[in-house]
Amino acid sequence: MEKIFYISAGFVGGDGSKDRPFGSFIEARDTIRTLRAAGTVCAGDAVTVLVHGGEYDFAETFVLDERDAGREGAPMTYRACDGEKVVISGGRTLKTERFYRPDAADVACIAKKYPEAAERIVAYDLLADGIKIDDGLQVYWNGNRAILARYPNTAYSFMDEVTGTEVDAEGNPCGSQEGTGKVRQWDYEFTDPDNIVETWESVEGVKIDGNFYIDWASTSGYLTGRDPEKHRVSIHCNGEARKGGRYYFSNILDELDIPGEYYVDAKRGILYFYPEQDITETEVIVTQCPEFVVKVTSDYVTLEDFTIETAKDSLVRIEGTGDIVRGCTIRRCRKSGILFDGYKALFSHNEIYNIGGEGIDMGGGDQEKMLPSESEISDNVFHDFGEIFRVYNGGIFFRGRGITCLHNEFYNAPHLAMSMLSGDLVIEYNYIHDVCYEANDAGAVYLGGWSANDICFCHNLIKHIVNIYKTGAPNGFYNDDGGAGKIARANLFIDIDGNAFAMGGGRDNIITDNIMINTRLAYDERLYYDQWEMHNAIYPTAGLWNNLILHPAYGSKEWAIRYPRTTYIKATNVRDYQSRFVPYALGHATVRSNVTVANSPVLRRNDVQPDTIRLANFRDNLHFFSIDDIGFVDYEGGDYRLRPDSRVLYELPGFDACDFTLCGVR
């Protein structure tokens, strides 16, 4: 039997009926718990809570625990009423009438450089409104993420004449602390190329963020001093730095110079904001919920057709079996959109965007027992993720095993679309484009390791992976540092700055029936004898061996049955140049029946190193000089199916011709 209840924001004295609804989520949840305890709602009853349109603000996390669990076939469902917009928010809308024009003295540092901006800035007393100021505080305006006042306003500056050293906890120079377990920190000086720092009234509280050493490592810190005569600045940071390292400064009142920026005077509790239009026409929201906005720690709970937004940390946390998030908009947070651990979950037809970190942090299953999660991520749109934590924060991070990822779209992100540290993944019919726009040594899809086996990446479309600053060449599918046991079949890559496949060595990988346009395939021999990553395969303590041996299921009967090829790796450091099964070689790696198309001399051949060709199965790979030779139905119109008269089908009998019109959301 299904029990139906209703919620309407602010209704007083309701009983949950259609005519007298509950006034809040909390009232509905607590009343249903009481009815269950009394037996009025039976344990086997499906419960549906229909929510009328409106905004439901949460200063604390809304929790559904074991008292709220459903059962298979009889779920606990919270769903928006048909055609009504329900917003579940961890934010707080600031009252328009409480904004005021700051005193001239308060914005004098702005007026010196940006007089027009100083005239537009408004202020708000957050402390007087009871709003807590901490590192998690974020500001949104008319649906946009406000930017903490920064320089430069977009992109980065680049370090020059860098000097410095690693320091200990007391700030004294020291040798490398790597491997000691201590928090590592550095002091640096560098030349300010724009001479901007000397124009600020103070450097107190000024932050510096970026990639000070290499593009795939985020670095952050704060200014500790400046020398205006030499145009030098001093910083304390959490990573190494070098000439050319990119950075930006933030938390600078003096640089509050464009619409959408803000600054918070933490001591006085005052927010300064530069609105794009009149403040009376601007909705400004600040974060207030300290943790998750919604937390589900029970089974068979469904959240459907909601907008869940505005979190200081992450938005939704789910732990359980059979839980569903469907038809929701998940947006505006500092960290992850959804964190999941459990089994048989479904995340479907959601839009996930304005995410500071990962769209979905996807756990699930049992690594030790090798149990699959049996969860599915399908028909979602992920975009504008990694907005704050800008490297290794993709649309999805796979921690769990036994997960299917189908028919999703990923776009507009500074780094990767997805990454994975687990196995038994099926990733099919996804459309990935316009990611890695700040990246170089990266890939739209990033994976590696010896323990993450049976990753099946098939029938996906990866397009326009381009570094917009022209500072690097990101890849499509990047199997880094000897990753093994990956399958990539029947994918289409179009216009990739780097390689369609960047295979950093690796054994037992199977790459077949892929088409690569204006890009190529690279498969190096970095793990082989005397190559630059050989150290990563030395038995028994090198990184790849640790990745394999320390897996909780390695050595079990179940592991040997599931991944027999991992048992073929010879536990030896004896040199054998004819063996495929020494840890430095390639096992049963196969690259067959792939097609590349390019007229550029650089892209006319794949970048495959000699020992890779000798020790792997390379055969039947074709190169064409014209897209017309492929025989697409309508390449310019985006119909990438192959015509029956395609040269590919003629020259490669049995080629897996994917219907790429199926990629993306159905």
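Okay, residues lined up against (1) modelled with pLDDT under 95; (2) in a loop (DSSP other than H, G, I, E, B); (3) more than 29 Å from Arg332 (Cα to Cα); (4) touching a Ser or Thr at 6+ places or on another chain (Cβ under 9 Å):
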{"site": "Ala105", "(1), (2), (3), (4)": "no, no, yes, no"}
{"site": "Ile110", "(1), (2), (3), (4)": "no, no, no, no"}
{"site": "Glu116", "(1), (2), (3), (4)": "no, no, yes, no"}
{"site": "Lys132", "(1), (2), (3), (4)": "yes, yes, no, no"}
{"site": "Tyr140", "(1), (2), (3), (4)": "no, no, no, yes"}
* **Gly16 under 23 Å from Thr287 (Cα atoms), open to solvent by less than 30 Å² (accessible area, probe 1.4 Å) and without any contact (Cβ under 8 Å) to a residue 40 or more places away in the chain** => no
* Which is on the phi > 0 side of the Ramachandran plot and open to solvent by 20 Å² or more (accessible area, probe 1.4 Å), of Asp384, Asp379, Asp341, Asp366? -> Asp384
* To do: Being open to solvent by 10 Å² or more (accessible area, probe 1.4 Å) and over 23 Å from Gly130 (Cβ atoms) is the filter here, so list the residues in the range 255-279 that pass it.
  => Asp257, Ile258, Pro259, Tyr274, Glu276, Gln277, Asp278
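Condition check ((1) open to solvent by 50 Å² or more (accessible area, probe 1.4 Å); (2) small (Gly, Ala, Ser); (3) touching a residue at least 12 places away in the same chain (Cβ under 8 Å)) across all residues:
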{"site": "Pro152", "(1), (2), (3)": "no, no, yes"}
{"site": "Val162", "(1), (2), (3)": "no, no, yes"}
{"site": "Val167", "(1), (2), (3)": "no, no, yes"}
{"site": "Thr191", "(1), (2), (3)": "no, no, yes"}
{"site": "Trp200", "(1), (2), (3)": "no, no, yes"}
{"site": "Tyr213", "(1), (2), (3)": "yes, no, yes"}
{"site": "Gly221", "(1), (2), (3)": "no, yes, yes"}
* Within the bounds of the range 22-37, is there any residue that is assigned to a loop (DSSP other than H, G, I, E, B) and open to solvent by 80 Å² or more (accessible area, probe 1.4 Å)? -> no
* To do: Taking only the range 4-13 into account, find how many residues are closer than 21 Å to Arg71 by Cα and surrounded by 17 or more Cβ atoms within 10 Å (Cβ to Cβ).
  => 2
* **Candidate set from the range 295-307 (those that are touching a Ser or Thr at 6+ places or on another chain (Cβ under 7 Å) and β-branched (Val, Ile, Thr)); member that is nearest to Glu374 (Cα to Cα)** => Thr302
* If Thr96 passes every condition in (1) within 13 Å of Val284 (Cβ to Cβ); (2) within 32 Å of the chain's Cα centre (by Cα) but one, which one does it miss? -> (2)
* Might you let me know whether the range 261-270 holds any residue that is basic (Lys, Arg) and not in a strand (DSSP E or B)? => yes
* For the range 225-248, what are the residues that are open to solvent by 80 Å² or more (accessible area, probe 1.4 Å) and in a strand (DSSP E or B)? -> Arg226
* To do: Give the range 317-342 a look and list any residue that's closer than 13 Å to Ser298 by Cβ, part of a loop (DSSP other than H, G, I, E, B) and touching a Ser or Thr at 6+ places or on another chain (Cβ under 8 Å), or say none.
  => Asp323
* Considering (1) modelled with pLDDT of 95 or more; (2) touching a strand residue (DSSP E or B) at 6+ places or on another chain (Cβ under 8 Å); (3) surrounded by fewer than 17 Cβ atoms within 10 Å (Cβ to Cβ); (4) more than 23 Å from Arg326 (Cβ to Cβ), say which one Arg92 fails and leave the rest. => (3)
* Asked: Is the range 308-316 home to any residue that is in a strand (DSSP E or B), open to solvent by less than 30 Å² (accessible area, probe 1.4 Å) and among the acidic types (Asp, Glu)?
  -> yes
* Structure fact -> Just one listed residue, out of Thr219, Thr280, Thr297, is within 29 Å of the chain's Cα centre (by Cα), more than 30 Å from Gln177 (Cβ to Cβ) and among the polar types (S, T, N, Q), and it is Thr297
* Asked: Of the residues that sit in the range 543-560 and are more than 32 Å from the chain's Cα centre (by Cα) and of a type in the set (Gly, Ala, Ser), which one is farthest from Arg614 (Cα to Cα)?
  -> Ser556
* Structure fact -> Screening Tyr528, Tyr568, Tyr539, Tyr563 for residues that are open to solvent by less than 80 Å² (accessible area, probe 1.4 Å) and more than 29 Å from the chain's Cα centre (by Cα) leaves only Tyr528
* Asked: What about Thr519, is it under 30 Å from Gly631 (Cα atoms), touching a residue at least 40 places away in the same chain (Cβ under 8 Å) and not in a strand (DSSP E or B)?
  -> yes
* **Test: residue in the range 106-127 that is open to solvent by less than 10 Å² (accessible area, probe 1.4 Å), touching a residue at least 40 places away in the same chain (Cβ under 8 Å) and of a type in the set (Ser, Thr, Tyr)** => yes
* Structure fact -> Conditions (1) closer than 30 Å to Ser348 by Cβ; (2) among the aliphatic types (A, V, I, L, M); (3) in contact (Cβ under 8 Å) with a residue 60 or more places away in the chain -> Leu642 fails only (3)
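Being in contact (Cβ under 8 Å) with a residue 60 or more places away in the chain, open to solvent by less than 70 Å² (accessible area, probe 1.4 Å) and at positive phi: is that true of Asn142 here?
yes
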* **Sole residue being in contact with a Ser or Thr (Cβ under 6 Å, 6 or more places away or on another chain), among the β-branched types (Val, Ile, Thr) and modelled with pLDDT of 95 or more, chosen from Thr61, Thr77** => Thr77
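The values are calculated or read from the model by the stated rules, or taken from the named source; none is laboratory data. Keep in mind it's a predicted model, so treat the numbers as computed, not measured. FYI the Cβ positions are ideal-geometry reconstructions off the backbone, even for glycines, and counts take in every protein chain you see. Keep in mind that these areas ignore ligands, DNA and RNA; they rest on the heavy atoms of the full protein, side chains included. Shrake-Rupley method; radii C 1.70, N 1.55, O 1.52, S 1.80 Å.
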